[in-house]
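One structure is given here, and the rest of the page talks about it.
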Amino acid sequence: MTVGNHAQTGVNLPTPNRSPTAMTCLLALDQGTSSSRAIVFDLAGQVLATAQREIRQSYPEPGWVEHDALEIWQTQLNCARQALAEAGLTARDVAAIGIANQRETTVLWDRSNGRALAPAIVWQDRRTVPECEHLRAAGYAGLIHSRSGLEVDAYFSATKLAWLLDRVPDARRRAEAGELAFGTIDSWLVWQLTGGRHHVTDVSNASRTMLFDIHRQCWDADLLALFRIPAAVLPEVVATSGVLGETAPELFGAAIPIGGLAGDQQAATFGQACLAPGSAKNTYGTGCFLMLNTGAQPVASRHRLLTTLGWRIGDPPGARTDYMLEGSVFIGGALVQWLRDGLGLIERAADIEALAGSVPDSNGAVLVPAFAGLGAPYWDGYARGILVGLTRGVTRAHIARAALDAIALQTVDLVDAMNKDGAGPLTELRVDGAAARNDLLMQIQADLLGVPVIRPRQTETTALGAAYFAGLAVGVWNTPEELAAHWQTERIFTPARSADWRLAHLHEWHRAVERARGWAAR
C-alpha cells in the first residue's frame, strides 16, 4: 500500500475467451441504502430483467443508522442470480459486471474469513458529530477541505472508521497488523464477489472518505494521521472503468469480469450522460444528490458544496478524469418512507402523489426533514426535523404536500449555491431516481427552480451508469461520447409559476430551516 504517491492503478486483467461482441448483456449491481438491486442491460442499454430486495434499517440509538453487511452481500448476490435467471441468461452471456453503491457507508471486516466485525455504519449516521465539531474547533477544516474537497462532517467515512477502530475490541491493533480490511460498500462487494482476492475501491468512492487527496488521487498521509487510520486497512484505489478482477466461478457458474465501480451518484451522473462541463443531474433516492460536471479540473466551492471526483476512466497516463461539484441532501425519498412506515399516512410510497395532489398546496404547513441533520449548504449535524405552520385546517393531504415541497425546496438550496459559486446559472436539470417518477414532485421542482426539469426515458440511471462503466472497460463501447446517443427525453416539466410565488415559498422555507437548526445541540 503506497500512501502519498500517485494513484494506484487497477489490475486490468485479461479476459481470455471472452469477446465482448459475443456477449449479449451487462449486469449492473445497484446496492442502495434501502435495497439491493440487479439489472441486466442489453448492449444498447435497454433493461432485460430486474430484481430487487429491501434491506433492513437499524436505528439502535438516536442518530445512529446501521446495516447488516452480510445481509447486503446476500441480497445483492441473490438479486444478481435472480435477474440473470429472469432474463434467461447465464454468466457466459455477461460481458462484464458494473457496481454502483451507497457511498460513505463503512464496513470493517476480518481478512481471514471475510466477516464484518460490527454492523455497517450508514452514511446517514450521526454518532460522530461531536468528533467533527472538535476537528473544526481545532482548526483542521481547511486542511481537510483543501485535500479531500469535503466538509468536516459525520456523513463521510473517516470518523466512522475511527469510531469502529476505537470501540471494536482489539480492532486497532489488528488493523495496524494488516489483519483487518476497511471499505465502503463497493469494496465489501468486490471482496465477496472475488472470494477475497481483491481489496479495492475506485476514485469516486475513495473521494468520499475524507482520507483521499482528490488532486493527487491517492490516500493522504496527513489525513490518515489526523484520523489515526493505519494505511494497512485501506483498499487499493483503481479506475472507475477498468477490469479489476473476476468473480469467483462458483457464484454464477463461470467467472465474470468486474469492469466498473462507482459511487451511486457518480454512476447516475454518467448514466444521465452529463459528460460535458456545466451539465447537471439530480437523483431523488433516499436522499437527493445534485451533481454538476466541472471537467478535468476540480472547482472549490465558496458556498459549502462538495468538490469530488466523478470518475476516472482507464489508468495514467492516458486516463480521463472528471470532477464534480455536489450538493447532498440527507433525506429525500426517505421522507416518503417515514410518512408510510412512521406515521402510516400512506400504504405505499407511490400513494403520496395522489394524496398530495388532492389539495392545491400545503395550507401553510412547512416540513423540514432534518432527521439526520442538514447537509449542503448548511452542514448542521445538530439540526432536527420540524413541522410548523399547523392549524386545525391542516390534513394528512397537506402534510403529504408539504413533504413533496420539502424535497424540492432542499434541491433549490443546492442549485442556488451552485449558481453563487459561478457554476451556473443552471438552465435545465436532468432528474432520476425512484421519486423522479412522481409527476407532481417534478412539476413542483420545476416551479420552484424556474427552469425545465427533464426526465429521461430510462430513469434507472444509477444502474445504467454502472453498466456503462463496465462496458467501456471491456470494449463494448470505445468512448464515453458514444453513450450520449443512448440518452432520450421522456418528459419535460416546464415552470408554470411566477417569480413572486417562488420567492414567497423560499422565504417561508428558510424561516422554517432556521428553526430546525441546532435543535439537538447540547
Picked from the stretch 168-190 (must be open to solvent by 10 Å² or more (accessible area, probe 1.4 Å) and in a helix (DSSP H, G or I)), the residue farthest from Ala267 (Cα to Cα) is Arg173
Do we have Gly381 as surrounded by 24 or more Cβ atoms within 10 Å (Cβ to Cβ) and more than 17 Å from Gly333 (Cα to Cα) here?
yes
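I'd like to check something: does the stretch 56-77 contain any residue that is surrounded by fewer than 21 Cβ atoms within 10 Å (Cβ to Cβ) and of a type in the set (Val, Ile, Thr)? Working first, answer last.
Quick first cut of the stretch 56-77, residues surrounded by fewer than 21 Cβ atoms within 10 Å (Cβ to Cβ) only: 56-64, 66, 68, 70-71, 74, 77.
Among the residues that remain, those that are also of a type in the set (Val, Ile, Thr) are: none.
No, because not a single residue in the stretch 56-77 is surrounded by fewer than 21 Cβ atoms within 10 Å (Cβ to Cβ) and of a type in the set (Val, Ile, Thr).
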Restricted to the stretch 347-368 and to residues being touching a strand residue (DSSP E or B) at 6+ places or on another chain (Cβ under 9 Å) and not small (Gly, Ala, Ser), the residue most open to solvent (accessible area, probe 1.4 Å) is Val366
Among strands (runs of 3 or more DSSP E) entirely inside the stretch 310-413, those with 3 or more residues being over 21 Å from the mean Cα position of the chain (by Cα) are 366-368, 386-388
Note on Pro495: of the conditions (1) part of a loop (DSSP other than H, G, I, E, B); (2) more than 30 Å from Ala239 (Cα to Cα); (3) modelled with pLDDT under 95, unmet is (3)
Scanning the stretch 24-47 residue by residue, those surrounded by fewer than 19 Cβ atoms within 10 Å (Cβ to Cβ) and among the basic types (Lys, Arg) turn out to be none
Per the filter on the stretch 477-518, residues of a type outside the set (Gly, Ala, Ser), open to solvent by 70 Å² or more (accessible area, probe 1.4 Å) and under 21 Å from Asp432 (Cα atoms) are Glu481, Glu482, Gln488, Glu490, Arg491, Ile492, Thr494
The residue from Leu226, Leu165, Leu193 that alone is touching a residue at least 12 places away in the same chain (Cβ under 8 Å), open to solvent by less than 10 Å² (accessible area, probe 1.4 Å) and more than 21 Å from Leu26 (Cα to Cα) is Leu165
For the stretch 298-332, the count of residues that are at pLDDT 90 or above, within 19 Å of Asp413 (Cβ to Cβ) and not hydrophobic (A, V, I, L, M, F, W, C) equals 5
- Query: Hey, does the stretch 412-432 have a residue that's touching a Leu at 6+ places or on another chain (Cβ under 7 Å), under 21 Å from Gly518 (Cα atoms) and crowded, with 24+ Cβ neighbours inside 10 Å?
  - Reply: yes
Note on the stretch 129-157: residues of a type in the set (A, V, I, L, M) and part of a loop (DSSP other than H, G, I, E, B) are Ala138, Leu150, Val152, Ala154
Checked against (1) open to solvent by 70 Å² or more (accessible area, probe 1.4 Å); (2) within 25 Å of Cys25 (Cα to Cα); (3) among the hydroxyl-bearing types (Ser, Thr, Tyr), Thr50 satisfies every condition except (1)
When every residue in the stretch 235-283 that is of a type in the set (A, V, I, L, M, F, W, C) and without any contact (Cβ under 8 Å) to a residue 60 or more places away in the chain is compared, the one most open to solvent (accessible area, probe 1.4 Å) is Ala276
Checklist entry - Just to be sure, is Ala137 without any contact (Cβ under 8 Å) to a residue 24 or more places away in the chain, farther than 19 Å from Ala175 by Cβ and within 24 Å of the chain's Cα centre (by Cα)? => result no
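Within the stretch 284-299, restricting attention to residues that are in contact (Cβ under 8 Å) with a residue 60 or more places away in the chain, among the aliphatic types (A, V, I, L, M) and surrounded by 22 or more Cβ atoms within 10 Å (Cβ to Cβ), which residue is nearest to Val336 (Cα to Cα)?
Taking the candidates together, the pick is Leu290.
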How many residues of the stretch 117-162 are crowded, with 18+ Cβ neighbours inside 10 Å and small (Gly, Ala, Ser)? The answer is 7
In the set Val233, Val190, the lone residue that is at pLDDT 95 or above, more than 30 Å from Glu86 (Cα to Cα) and β-branched (Val, Ile, Thr) is Val233
Looking across the stretch 58-75 at residues that are in contact (Cβ under 8 Å) with a residue 60 or more places away in the chain and under 18 Å from the mean Cα position of the chain (by Cα), the single one that is farthest from Gln192 (Cα to Cα) is Val65
Taking the stretch 300-346 and the residues there that are of a type in the set (D, E, K, R) and open to solvent by less than 10 Å² (accessible area, probe 1.4 Å), the one that is nearest to Ile386 (Cα to Cα) would be Glu326
Next item on the list: Return yes or no: is Gln102 open to solvent by 10 Å² or more (accessible area, probe 1.4 Å) and within 23 Å of the chain's Cα centre (by Cα)?
Entry: no
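The values are calculated or read from the model by the stated rules, or taken from the named source; none is laboratory data. In this text the structure is predicted, and so the values were computed from the model without any measurement. Ideal geometry is used to build each Cβ from the backbone, glycine not excepted, and the neighbour counts take in all protein chains shown. Note: accessible area is taken over every heavy atom of the protein model, side chains too, but ligands, DNA and RNA are not part of it. Shrake-Rupley method; radii C 1.70, N 1.55, O 1.52, S 1.80 Å.
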